[in-house]
Amino acid sequence: MRNSGGKKYVTSLLPLQLGKKIQEEISDFELSRALPGKVWFPDDAEYRAQQAEYWLRQEAKDLHPNCRVTPASAEDVANTIKVVVSTNSAFAVKAGGHSSVSGASKIDEGVTIDMSSMSRVEVAHDQQSVLIGTRARWLDVYTALEQYGLSVSGSRASHVGVGGYVLGGGFSWFSNQNGWTCDMVSECGVVLANGTVVLASYAHHSDLFWALRGGGSSFGIVTSFKLPALKHPQVYGGPIAFDDNELNSVFASFEKLNREAHLDVHSSGYLSFAYDQRHKEVYNTFYLINSRGEASSPAFAGFLRTPSRFSHLRKMNMSTSAMETNHSNDPGYRESKLTLTFRNDAALMCDIHSIFTYFAGTVDYEPEGRLAMTFQPLTASHIAHSDNALGLSAKDAPLILLSVELRWSSKSTTEYFEDVVRRFYETMRTLLEENEALHPFVYLNYAARWQDPFAGYGVESVQRMKRVRKMYGPDSVFDILQPGAFKF
(Lines give C-alpha, C1' and ligand atoms only; values in the text may rest on other atoms or scores of the structure.)
Protein backbone atom coordinates (compact mmCIF):
# COMPACT_ATOMS: atom_id res chain seq x y z
CA MET A 1 0.00 0.00 0.00
CA ARG A 2 1.46 3.33 -1.01
CA ASN A 3 0.95 6.20 1.41
CA SER A 4 0.86 9.76 0.16
CA GLY A 5 3.85 10.62 2.32
CA GLY A 6 4.27 14.27 3.20
CA LYS A 7 1.47 16.81 3.03
CA LYS A 8 0.46 17.70 -0.53
CA TYR A 9 -1.99 20.36 -1.60
CA VAL A 10 -4.43 19.72 -4.38
CA THR A 11 -6.70 22.63 -5.28
CA SER A 12 -5.80 24.93 -2.45
CA LEU A 13 -7.90 27.95 -1.65
CA LEU A 14 -5.70 28.60 1.38
CA PRO A 15 -2.25 30.20 1.59
CA LEU A 16 0.33 27.52 2.30
CA GLN A 17 1.65 29.47 5.28
CA LEU A 18 -1.57 29.01 7.24
CA GLY A 19 -0.97 26.69 10.14
CA LYS A 20 -2.49 23.25 10.28
CA LYS A 21 -4.72 24.19 13.19
CA ILE A 22 -6.21 27.16 11.35
CA GLN A 23 -6.74 25.01 8.27
CA GLU A 24 -8.60 22.40 10.33
CA GLU A 25 -10.78 25.05 11.96
CA ILE A 26 -11.73 26.48 8.57
CA SER A 27 -12.56 22.99 7.30
CA ASP A 28 -14.71 22.25 10.35
CA PHE A 29 -16.50 25.58 10.02
CA GLU A 30 -17.19 25.13 6.30
CA LEU A 31 -18.45 21.58 6.82
CA SER A 32 -20.78 22.67 9.62
CA ARG A 33 -22.14 25.43 7.40
CA ALA A 34 -22.58 23.14 4.38
CA LEU A 35 -24.16 20.25 6.33
CA PRO A 36 -25.92 21.64 9.41
CA GLY A 37 -26.76 18.97 11.97
CA LYS A 38 -24.61 16.38 10.19
CA VAL A 39 -21.12 17.22 11.46
CA TRP A 40 -19.93 15.83 14.78
CA PHE A 41 -16.97 16.72 16.97
CA PRO A 42 -15.15 14.84 19.78
CA ASP A 43 -17.33 16.40 22.51
CA ASP A 44 -20.52 15.17 20.82
CA ALA A 45 -22.19 11.94 21.94
CA GLU A 46 -22.90 11.05 18.30
CA TYR A 47 -19.20 11.35 17.46
CA ARG A 48 -18.29 8.95 20.27
CA ALA A 49 -21.00 6.49 19.25
CA GLN A 50 -19.80 6.46 15.65
CA GLN A 51 -16.20 6.03 16.74
CA ALA A 52 -17.10 2.66 18.27
CA GLU A 53 -18.93 1.30 15.22
CA TYR A 54 -16.00 -0.50 13.64
CA TRP A 55 -15.34 -4.20 13.29
CA LEU A 56 -11.76 -4.06 14.56
CA ARG A 57 -10.29 -2.38 17.60
CA GLN A 58 -7.45 -0.67 15.74
CA GLU A 59 -10.01 1.33 13.79
CA ALA A 60 -12.34 1.94 16.73
CA LYS A 61 -9.72 2.92 19.33
CA ASP A 62 -6.55 4.22 17.70
CA LEU A 63 -7.69 6.89 15.24
CA HIS A 64 -9.39 10.17 16.15
CA PRO A 65 -10.63 12.41 13.32
CA ASN A 66 -11.17 16.10 13.92
CA CYS A 67 -14.77 15.60 12.93
CA ARG A 68 -17.17 13.04 11.52
CA VAL A 69 -19.66 13.90 8.79
CA THR A 70 -22.84 11.86 8.26
CA PRO A 71 -24.26 12.71 4.83
CA ALA A 72 -27.81 11.56 4.17
CA SER A 73 -27.79 11.83 0.36
CA ALA A 74 -25.49 11.94 -2.64
CA GLU A 75 -25.89 15.72 -2.61
CA ASP A 76 -24.63 15.81 0.99
CA VAL A 77 -21.63 13.73 -0.04
CA ALA A 78 -21.00 16.15 -2.91
CA ASN A 79 -21.08 19.14 -0.56
CA THR A 80 -18.73 17.32 1.81
CA ILE A 81 -16.16 16.52 -0.85
CA LYS A 82 -16.24 20.10 -2.16
CA VAL A 83 -15.32 21.42 1.29
CA VAL A 84 -12.72 18.71 1.87
CA VAL A 85 -11.01 19.48 -1.44
CA SER A 86 -11.18 23.26 -1.11
CA THR A 87 -9.59 23.13 2.36
CA ASN A 88 -7.09 20.36 1.50
CA SER A 89 -8.38 18.19 4.33
CA ALA A 90 -7.31 14.58 4.54
CA PHE A 91 -10.28 12.25 4.78
CA ALA A 92 -11.49 8.66 4.98
CA VAL A 93 -14.82 7.15 3.98
CA LYS A 94 -16.60 4.60 6.17
CA ALA A 95 -19.26 2.33 4.73
CA GLY A 96 -19.43 -0.88 6.78
CA GLY A 97 -16.14 -0.30 8.62
CA HIS A 98 -15.11 -3.94 8.20
CA SER A 99 -11.59 -3.46 6.83
CA SER A 100 -8.62 -4.92 8.68
CA VAL A 101 -6.35 -2.19 7.25
CA SER A 102 -5.98 0.57 9.82
CA GLY A 103 -6.93 3.92 8.31
CA ALA A 104 -9.00 2.48 5.47
CA SER A 105 -12.28 3.81 6.87
CA LYS A 106 -11.17 6.25 9.56
CA ILE A 107 -8.50 8.93 9.66
CA ASP A 108 -6.48 10.54 12.41
CA GLU A 109 -6.97 14.33 12.68
CA GLY A 110 -8.78 14.65 9.36
CA VAL A 111 -12.40 14.20 8.31
CA THR A 112 -14.18 10.85 8.44
CA ILE A 113 -17.15 10.70 6.08
CA ASP A 114 -19.51 8.21 7.73
CA MET A 115 -22.08 6.80 5.32
CA SER A 116 -24.24 5.30 8.08
CA SER A 117 -27.34 7.20 6.92
CA MET A 118 -27.10 5.69 3.43
CA SER A 119 -28.27 2.14 4.04
CA ARG A 120 -31.51 1.85 2.08
CA VAL A 121 -32.59 -1.40 0.43
CA GLU A 122 -35.21 -0.70 -2.25
CA VAL A 123 -36.79 -3.37 -4.44
CA ALA A 124 -37.91 -2.17 -7.88
CA HIS A 125 -41.63 -2.30 -8.63
CA ASP A 126 -41.10 -5.16 -11.08
CA GLN A 127 -38.88 -6.96 -8.51
CA GLN A 128 -36.14 -7.33 -11.11
CA SER A 129 -33.52 -5.20 -9.36
CA VAL A 130 -32.52 -3.85 -5.95
CA LEU A 131 -31.01 -0.47 -5.11
CA ILE A 132 -28.70 -0.72 -2.10
CA GLY A 133 -27.07 2.07 -0.12
CA THR A 134 -23.32 1.76 0.33
CA ARG A 135 -23.58 1.57 4.14
CA ALA A 136 -26.10 -1.30 4.27
CA ARG A 137 -24.83 -4.50 5.82
CA TRP A 138 -25.52 -7.72 4.00
CA LEU A 139 -27.73 -9.05 6.78
CA ASP A 140 -29.96 -5.99 6.31
CA VAL A 141 -30.06 -6.67 2.58
CA TYR A 142 -30.91 -10.36 2.85
CA THR A 143 -33.53 -9.81 5.54
CA ALA A 144 -35.24 -7.07 3.53
CA LEU A 145 -35.34 -9.20 0.37
CA GLU A 146 -36.47 -12.47 1.90
CA GLN A 147 -39.99 -11.16 2.43
CA TYR A 148 -40.21 -11.03 -1.39
CA GLY A 149 -38.61 -14.45 -1.93
CA LEU A 150 -35.58 -12.66 -3.40
CA SER A 151 -31.87 -12.35 -2.81
CA VAL A 152 -28.80 -10.83 -4.45
CA SER A 153 -25.21 -11.84 -5.00
CA GLY A 154 -23.58 -10.60 -1.78
CA SER A 155 -21.28 -11.38 1.11
CA ARG A 156 -21.32 -14.72 2.87
CA ALA A 157 -20.90 -12.96 6.24
CA SER A 158 -23.71 -10.87 7.71
CA HIS A 159 -21.73 -8.04 9.33
CA VAL A 160 -19.84 -6.98 6.19
CA GLY A 161 -20.86 -3.66 4.63
CA VAL A 162 -21.84 -3.35 0.99
CA GLY A 163 -19.52 -0.55 -0.19
CA GLY A 164 -15.98 -1.79 0.36
CA TYR A 165 -16.98 -5.38 -0.31
CA VAL A 166 -18.26 -4.60 -3.82
CA LEU A 167 -15.46 -2.18 -4.75
CA GLY A 168 -12.90 -4.88 -3.92
CA GLY A 169 -14.66 -7.62 -5.92
CA GLY A 170 -16.86 -9.62 -3.58
CA PHE A 171 -17.00 -13.40 -3.13
CA SER A 172 -20.54 -14.78 -2.90
CA TRP A 173 -22.38 -18.08 -3.02
CA PHE A 174 -23.43 -17.10 -6.54
CA SER A 175 -19.90 -16.48 -7.83
CA ASN A 176 -19.64 -19.72 -9.84
CA GLN A 177 -22.67 -18.81 -11.90
CA ASN A 178 -22.37 -15.00 -11.94
CA GLY A 179 -18.78 -14.01 -11.17
CA TRP A 180 -17.77 -11.56 -8.47
CA THR A 181 -20.51 -9.49 -6.88
CA CYS A 182 -19.04 -6.43 -8.61
CA ASP A 183 -19.74 -8.17 -11.94
CA MET A 184 -23.43 -8.31 -11.03
CA VAL A 185 -23.71 -4.58 -10.40
CA SER A 186 -25.63 -2.80 -13.16
CA GLU A 187 -25.28 0.77 -11.89
CA CYS A 188 -23.33 2.77 -9.31
CA GLY A 189 -24.17 6.17 -7.86
CA VAL A 190 -20.86 8.04 -7.58
CA VAL A 191 -19.69 11.40 -6.28
CA LEU A 192 -16.61 12.55 -8.17
CA ALA A 193 -13.69 14.62 -6.89
CA ASN A 194 -15.24 17.88 -8.12
CA GLY A 195 -18.54 17.16 -6.36
CA THR A 196 -20.40 16.04 -9.47
CA VAL A 197 -22.94 13.25 -8.91
CA VAL A 198 -23.11 10.66 -11.71
CA LEU A 199 -24.65 7.27 -12.39
CA ALA A 200 -22.05 4.90 -13.82
CA SER A 201 -23.16 1.89 -15.85
CA TYR A 202 -22.39 0.04 -19.08
CA ALA A 203 -24.26 2.80 -20.94
CA HIS A 204 -23.00 5.87 -19.07
CA HIS A 205 -19.47 6.55 -17.83
CA SER A 206 -18.62 2.98 -18.79
CA ASP A 207 -14.89 3.45 -18.20
CA LEU A 208 -15.54 4.62 -14.65
CA PHE A 209 -18.02 1.77 -14.18
CA TRP A 210 -15.35 -0.74 -15.20
CA ALA A 211 -12.75 0.74 -12.83
CA LEU A 212 -15.09 0.79 -9.82
CA ARG A 213 -15.57 -2.96 -10.10
CA GLY A 214 -12.47 -4.21 -8.32
CA GLY A 215 -10.49 -0.96 -8.44
CA GLY A 216 -11.28 0.14 -4.90
CA SER A 217 -11.93 3.69 -3.75
CA SER A 218 -9.60 5.68 -6.01
CA PHE A 219 -12.22 7.08 -8.37
CA GLY A 220 -14.99 8.59 -6.28
CA ILE A 221 -17.30 7.99 -3.35
CA VAL A 222 -19.90 5.39 -4.27
CA THR A 223 -23.25 6.03 -2.61
CA SER A 224 -25.37 3.21 -4.05
CA PHE A 225 -25.32 0.02 -6.11
CA LYS A 226 -28.01 -1.51 -8.27
CA LEU A 227 -28.00 -5.32 -8.41
CA PRO A 228 -30.30 -7.78 -10.20
CA ALA A 229 -32.77 -9.48 -7.88
CA LEU A 230 -32.47 -13.27 -7.79
CA LYS A 231 -35.45 -15.55 -7.26
CA HIS A 232 -34.20 -17.32 -4.24
CA PRO A 233 -36.38 -19.02 -1.64
CA GLN A 234 -33.69 -20.94 0.28
CA VAL A 235 -30.19 -22.40 0.08
CA TYR A 236 -29.01 -25.80 1.29
CA GLY A 237 -25.84 -26.27 3.28
CA GLY A 238 -24.00 -25.53 6.48
CA PRO A 239 -20.84 -26.59 8.30
CA ILE A 240 -19.12 -29.99 8.38
CA ALA A 241 -16.07 -30.81 10.53
CA PHE A 242 -13.64 -33.70 10.03
CA ASP A 243 -11.04 -35.57 12.06
CA ASP A 244 -7.45 -34.79 11.11
CA ASN A 245 -6.90 -38.28 9.70
CA GLU A 246 -9.54 -37.52 7.05
CA LEU A 247 -7.94 -34.30 5.81
CA ASN A 248 -6.15 -35.83 2.82
CA SER A 249 -9.53 -36.96 1.54
CA VAL A 250 -11.02 -33.52 2.28
CA PHE A 251 -8.21 -31.74 0.40
CA ALA A 252 -8.70 -34.05 -2.59
CA SER A 253 -12.45 -33.37 -2.57
CA PHE A 254 -11.79 -29.62 -2.41
CA GLU A 255 -9.44 -29.80 -5.39
CA LYS A 256 -12.08 -31.71 -7.36
CA LEU A 257 -14.86 -29.30 -6.35
CA ASN A 258 -12.73 -26.43 -7.66
CA ARG A 259 -11.68 -28.21 -10.85
CA GLU A 260 -15.18 -29.41 -11.76
CA ALA A 261 -17.14 -26.35 -10.67
CA HIS A 262 -18.53 -25.91 -14.18
CA LEU A 263 -20.50 -29.15 -13.74
CA ASP A 264 -22.56 -27.60 -10.94
CA VAL A 265 -22.23 -23.83 -10.76
CA HIS A 266 -24.76 -23.68 -7.93
CA SER A 267 -22.53 -25.49 -5.41
CA SER A 268 -19.51 -24.11 -3.61
CA GLY A 269 -17.78 -24.06 -0.26
CA TYR A 270 -14.75 -22.97 1.70
CA LEU A 271 -12.45 -24.81 4.09
CA SER A 272 -11.32 -23.09 7.31
CA PHE A 273 -8.85 -23.94 10.06
CA ALA A 274 -8.44 -22.29 13.46
CA TYR A 275 -6.21 -22.95 16.44
CA ASP A 276 -7.95 -23.81 19.72
CA GLN A 277 -5.80 -22.45 22.57
CA ARG A 278 -7.56 -24.44 25.24
CA HIS A 279 -7.01 -27.85 23.67
CA LYS A 280 -3.90 -26.83 21.71
CA GLU A 281 -5.16 -28.25 18.46
CA VAL A 282 -6.25 -27.07 15.03
CA TYR A 283 -9.89 -27.63 14.17
CA ASN A 284 -11.45 -27.47 10.72
CA THR A 285 -14.78 -26.56 9.15
CA PHE A 286 -15.93 -27.04 5.58
CA TYR A 287 -18.87 -24.74 4.89
CA LEU A 288 -20.89 -25.70 1.83
CA ILE A 289 -23.84 -24.10 0.08
CA ASN A 290 -26.01 -25.12 -2.85
CA SER A 291 -27.69 -21.89 -3.94
CA ARG A 292 -30.67 -23.76 -5.42
CA GLY A 293 -31.46 -25.43 -2.11
CA GLU A 294 -30.62 -28.91 -3.46
CA ALA A 295 -29.39 -31.44 -0.91
CA SER A 296 -28.16 -34.03 -3.40
CA SER A 297 -25.54 -32.11 -5.38
CA PRO A 298 -22.85 -34.47 -6.78
CA ALA A 299 -20.34 -31.66 -6.20
CA PHE A 300 -20.41 -32.44 -2.47
CA ALA A 301 -20.26 -36.23 -2.79
CA GLY A 302 -16.61 -36.53 -1.76
CA PHE A 303 -17.14 -34.48 1.39
CA LEU A 304 -20.33 -36.29 2.35
CA ARG A 305 -18.71 -39.72 1.89
CA THR A 306 -15.90 -38.76 4.25
CA PRO A 307 -16.69 -39.57 7.91
CA SER A 308 -17.38 -36.34 9.79
CA ARG A 309 -17.19 -35.42 13.45
CA PHE A 310 -19.91 -32.80 13.08
CA SER A 311 -22.46 -31.84 10.44
CA HIS A 312 -25.29 -29.33 10.40
CA LEU A 313 -26.64 -29.34 6.85
CA ARG A 314 -30.17 -28.13 6.15
CA LYS A 315 -32.28 -25.74 4.10
CA MET A 316 -32.15 -22.15 5.32
CA ASN A 317 -32.51 -18.54 4.32
CA MET A 318 -29.50 -16.63 3.08
CA SER A 319 -29.70 -14.44 6.19
CA THR A 320 -29.41 -17.51 8.43
CA SER A 321 -26.33 -18.72 6.58
CA ALA A 322 -24.76 -15.25 6.71
CA MET A 323 -25.26 -15.02 10.47
CA GLU A 324 -23.86 -18.52 10.93
CA THR A 325 -20.66 -17.80 9.01
CA ASN A 326 -20.28 -14.57 10.96
CA HIS A 327 -19.99 -16.43 14.29
CA SER A 328 -16.26 -16.88 13.81
CA ASN A 329 -15.89 -13.24 12.82
CA ASP A 330 -16.50 -11.48 16.13
CA PRO A 331 -15.90 -7.71 16.31
CA GLY A 332 -13.84 -5.88 18.92
CA TYR A 333 -10.37 -7.37 18.41
CA ARG A 334 -7.21 -6.24 16.72
CA GLU A 335 -6.41 -8.23 13.63
CA SER A 336 -3.82 -8.68 10.94
CA LYS A 337 -4.91 -10.30 7.71
CA LEU A 338 -3.15 -11.46 4.55
CA THR A 339 -3.88 -13.38 1.39
CA LEU A 340 -2.13 -15.49 -1.25
CA THR A 341 -3.39 -17.12 -4.43
CA PHE A 342 -2.02 -20.41 -5.74
CA ARG A 343 -2.56 -23.37 -8.05
CA ASN A 344 -5.44 -25.73 -7.28
CA ASP A 345 -3.49 -28.57 -5.67
CA ALA A 346 -4.48 -30.84 -2.75
CA ALA A 347 -0.84 -31.61 -1.92
CA LEU A 348 -0.07 -27.90 -1.51
CA MET A 349 -3.12 -27.51 0.73
CA CYS A 350 -1.73 -30.31 2.88
CA ASP A 351 1.69 -28.62 3.07
CA ILE A 352 0.17 -25.25 3.97
CA HIS A 353 -1.93 -26.93 6.65
CA SER A 354 1.25 -28.42 8.13
CA ILE A 355 2.93 -25.00 8.16
CA PHE A 356 -0.17 -23.49 9.76
CA THR A 357 -0.28 -26.18 12.45
CA TYR A 358 3.37 -25.60 13.30
CA PHE A 359 3.07 -21.81 13.47
CA ALA A 360 -0.18 -21.96 15.42
CA GLY A 361 1.52 -23.94 18.16
CA THR A 362 4.37 -21.42 18.54
CA VAL A 363 2.34 -18.21 18.97
CA ASP A 364 2.19 -16.57 22.40
CA TYR A 365 -1.54 -15.80 22.25
CA GLU A 366 -3.46 -13.35 24.35
CA PRO A 367 -6.71 -14.53 25.95
CA GLU A 368 -9.27 -15.07 23.18
CA GLY A 369 -6.58 -14.54 20.56
CA ARG A 370 -6.88 -16.72 17.49
CA LEU A 371 -5.00 -17.74 14.35
CA ALA A 372 -7.17 -18.91 11.45
CA MET A 373 -6.88 -19.56 7.74
CA THR A 374 -9.33 -20.29 4.94
CA PHE A 375 -9.06 -21.92 1.51
CA GLN A 376 -11.57 -20.60 -1.05
CA PRO A 377 -12.02 -21.91 -4.59
CA LEU A 378 -11.49 -19.41 -7.39
CA THR A 379 -13.04 -21.34 -10.23
CA ALA A 380 -12.83 -20.98 -13.99
CA SER A 381 -16.58 -20.39 -14.21
CA HIS A 382 -16.29 -17.66 -11.56
CA ILE A 383 -13.55 -15.81 -13.45
CA ALA A 384 -15.13 -16.39 -16.87
CA HIS A 385 -18.04 -14.14 -15.88
CA SER A 386 -15.71 -11.31 -14.89
CA ASP A 387 -15.70 -7.93 -16.61
CA ASN A 388 -13.80 -5.81 -14.12
CA ALA A 389 -10.48 -4.29 -13.13
CA LEU A 390 -9.15 -7.33 -11.24
CA GLY A 391 -7.06 -8.55 -14.17
CA LEU A 392 -7.77 -12.28 -13.76
CA SER A 393 -8.00 -14.67 -16.69
CA ALA A 394 -10.06 -17.87 -16.73
CA LYS A 395 -7.13 -19.66 -18.37
CA ASP A 396 -5.26 -19.40 -15.05
CA ALA A 397 -8.08 -21.10 -13.14
CA PRO A 398 -8.86 -23.01 -11.09
CA LEU A 399 -6.98 -21.27 -8.31
CA ILE A 400 -7.16 -21.33 -4.52
CA LEU A 401 -7.43 -18.10 -2.57
CA LEU A 402 -5.87 -18.37 0.88
CA SER A 403 -6.62 -15.90 3.65
CA VAL A 404 -5.00 -15.81 7.10
CA GLU A 405 -6.19 -13.90 10.16
CA LEU A 406 -4.50 -13.41 13.53
CA ARG A 407 -6.37 -11.53 16.24
CA TRP A 408 -5.36 -10.09 19.60
CA SER A 409 -6.48 -7.32 21.97
CA SER A 410 -3.61 -5.23 23.32
CA LYS A 411 -2.10 -2.38 21.30
CA SER A 412 1.25 -2.96 22.99
CA THR A 413 1.62 -6.43 21.44
CA THR A 414 0.75 -5.35 17.90
CA GLU A 415 4.34 -5.43 16.65
CA TYR A 416 4.81 -9.00 17.89
CA PHE A 417 1.65 -10.36 16.28
CA GLU A 418 2.19 -8.55 13.01
CA ASP A 419 5.68 -10.07 12.89
CA VAL A 420 4.16 -13.54 13.41
CA VAL A 421 1.82 -12.99 10.46
CA ARG A 422 4.63 -11.70 8.27
CA ARG A 423 6.84 -14.72 9.03
CA PHE A 424 3.97 -17.09 8.31
CA TYR A 425 3.38 -15.30 5.02
CA GLU A 426 7.04 -15.53 3.99
CA THR A 427 7.14 -19.25 4.78
CA MET A 428 4.03 -19.98 2.73
CA ARG A 429 5.15 -17.76 -0.14
CA THR A 430 8.50 -19.55 -0.29
CA LEU A 431 6.73 -22.92 -0.42
CA LEU A 432 4.50 -21.79 -3.28
CA GLU A 433 7.34 -20.20 -5.22
CA GLU A 434 9.48 -23.32 -4.89
CA ASN A 435 6.60 -25.34 -6.33
CA GLU A 436 5.98 -22.76 -9.08
CA ALA A 437 2.42 -22.52 -7.78
CA LEU A 438 2.14 -18.87 -6.68
CA HIS A 439 -0.24 -16.69 -8.67
CA PRO A 440 0.29 -12.89 -8.54
CA PHE A 441 -3.35 -12.08 -7.71
CA VAL A 442 -3.74 -10.48 -4.25
CA TYR A 443 -7.39 -10.06 -3.30
CA LEU A 444 -7.83 -6.46 -2.19
CA ASN A 445 -10.46 -7.22 0.45
CA TYR A 446 -8.16 -9.68 2.26
CA ALA A 447 -4.81 -7.96 1.74
CA ALA A 448 -2.48 -6.92 4.55
CA ARG A 449 -1.56 -3.25 4.70
CA TRP A 450 1.96 -4.13 3.47
CA GLN A 451 0.71 -6.08 0.45
CA ASP A 452 0.18 -4.50 -2.95
CA PRO A 453 -3.05 -5.81 -4.48
CA PHE A 454 -2.76 -3.78 -7.66
CA ALA A 455 0.61 -5.29 -8.54
CA GLY A 456 -1.27 -8.51 -9.30
CA TYR A 457 -3.87 -6.86 -11.54
CA GLY A 458 -1.48 -6.72 -14.47
CA VAL A 459 0.06 -3.77 -16.30
CA GLU A 460 -2.83 -3.34 -18.74
CA SER A 461 -5.47 -3.14 -16.01
CA VAL A 462 -3.44 -0.74 -13.85
CA GLN A 463 -2.68 1.56 -16.77
CA ARG A 464 -6.36 1.67 -17.67
CA MET A 465 -7.28 2.49 -14.06
CA LYS A 466 -4.75 5.32 -14.06
CA ARG A 467 -6.32 6.78 -17.18
CA VAL A 468 -9.77 6.59 -15.58
CA ARG A 469 -8.54 8.20 -12.38
CA LYS A 470 -6.97 11.05 -14.31
CA MET A 471 -10.13 11.54 -16.36
CA TYR A 472 -12.49 11.66 -13.37
CA GLY A 473 -10.21 13.17 -10.75
CA PRO A 474 -7.40 15.11 -12.41
CA ASP A 475 -6.30 16.59 -9.09
CA SER A 476 -5.76 13.11 -7.62
CA VAL A 477 -8.06 13.88 -4.72
CA PHE A 478 -8.65 10.22 -3.90
CA ASP A 479 -4.98 9.42 -4.32
CA ILE A 480 -3.57 12.16 -2.08
CA LEU A 481 -6.21 13.35 0.37
CA GLN A 482 -7.47 9.82 1.12
CA PRO A 483 -4.24 8.26 2.42
CA GLY A 484 -5.58 5.10 4.07
CA ALA A 485 -6.84 3.25 1.01
CA PHE A 486 -4.76 0.99 -1.24
CA LYS A 487 -3.17 2.91 -4.11
CA PHE A 488 -1.74 2.15 -7.53
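Tabulated values for the structure
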read-out: Where Ala193 falls short, out of the listed (1) within 27 Å of Gly391 (Cα to Cα); (2) over 19 Å from the mean Cα position of the chain (by Cα); (3) assigned to a helix (DSSP H, G or I); (4) not β-branched (Val, Ile, Thr); value: (3)
read-out: Yes/no for Ser73 being modelled with pLDDT under 95, surrounded by fewer than 24 Cβ atoms within 10 Å (Cβ to Cβ), over 25 Å from Asp452 (Cα atoms) and of a type outside the set (A, V, I, L, M); value: no
read-out: Any hit, segment 191-198, residues being small (Gly, Ala, Ser), assigned by TED's automatic domain parsing to the domain that holds Ser153 and buried (at least 22 other Cβ atoms within 10 Å of the Cβ); value: yes
read-out: Candidate set: segment 318-353, residues that are of a type in the set (Lys, Arg) and surrounded by fewer than 22 Cβ atoms within 10 Å (Cβ to Cβ); chosen: the one farthest from Ala380 (Cα to Cα); value: Lys337
read-out: Residues that are crowded, with 23+ Cβ neighbours inside 10 Å and over 22 Å from Val166 (Cα atoms), drawn from segment 76-86; value: Thr80, Val83, Val84
read-out: Filtered residue count, segment 26-70, keeping only those that are charged (D, E, K, R) and loosely packed, with under 14 Cβ neighbours inside 10 Å; value: 4
read-out: Count of segment 367-387 residues which are in a loop (DSSP other than H, G, I, E, B) and modelled with pLDDT of 95 or more; value: 1
read-out: Members of segment 368-396 found to be within 18 Å of Glu260 (Cβ to Cβ), aliphatic (A, V, I, L, M) and touching a strand residue (DSSP E or B) at 6+ places or on another chain (Cβ under 6 Å), listed by number; value: Leu378
read-out: Residues within segment 458-487 that are part of a helix (DSSP H, G or I) and touching a Pro at 6+ places or on another chain (Cβ under 9 Å), tallied; value: 0
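The values are calculated or read from the model by the stated rules, or taken from the named source; none is laboratory data. Just so you know, these numbers come straight off a predicted model, no measurement behind them. Reconstructed Cβ throughout: ideal geometry from the backbone, glycine too, with neighbour counts over all protein chains shown.
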